[in-house]
Amino acid sequence: MIISRAEIASAVSAYKTVKRKSSVASVAIDTTDSFERSAAAASLASVLTSASAEPFYRNDLVEHLRRQISEDRYFVPSEQIVEKLLGRLIVEFATAA
């Protein structure tokens, strides 16, 4: 279906001429609402707070790996590298289709 410019202009002008009710004036605000956290929500909030207090990575592990890399003692088996590469290719292929 092809819509001409004249039809679009006609629809827009009809939309502009329709009187709409103001939704802001008719809405009553209820100030008696209250909120109470459930025990599960409070527990989840405390877990979130404690998890965000922890660093994103472990400094001791990062420093250990840095030392190994700088001393040329860090080794990754080629099988693990191939598995990761093939896994990523499979995921990319699956999501592209």
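Here's a check for you: in region 3-45, which residue that is part of a loop (DSSP other than H, G, I, E, B) and of a type in the set (Lys, Arg) is modelled with the highest pLDDT?
Of the residues in region 3-45, the ones part of a loop (DSSP other than H, G, I, E, B) are 3-4, 18-38.
Within this subset, residues satisfying the condition of being of a type in the set (Lys, Arg) are 19-21, 37.
Details: LYS19: 66, ARG20: 66, LYS21: 63, ARG37: 86.
In this case the residue turns out to be ARG37.
Is it the case that some residue within region 79-91 is acidic (Asp, Glu), within 23 Å of the chain's Cα centre (by Cα) and in a helix (DSSP H, G or I)? So that I can check it myself, show each step before the final result.
Here is the first cut: in region 79-91, the ones acidic (Asp, Glu) are 79, 83.
If we keep only those that are within 23 Å of the chain's Cα centre (by Cα) as well, we get none.
Within region 79-91, none of the residues are acidic (Asp, Glu), within 23 Å of the chain's Cα centre (by Cα) and in a helix (DSSP H, G or I).
The values are calculated or read from the model by the stated rules, or taken from the named source; none is laboratory data. Quantities reported herein were computed from a predicted structural model and do not represent experimental measurements.
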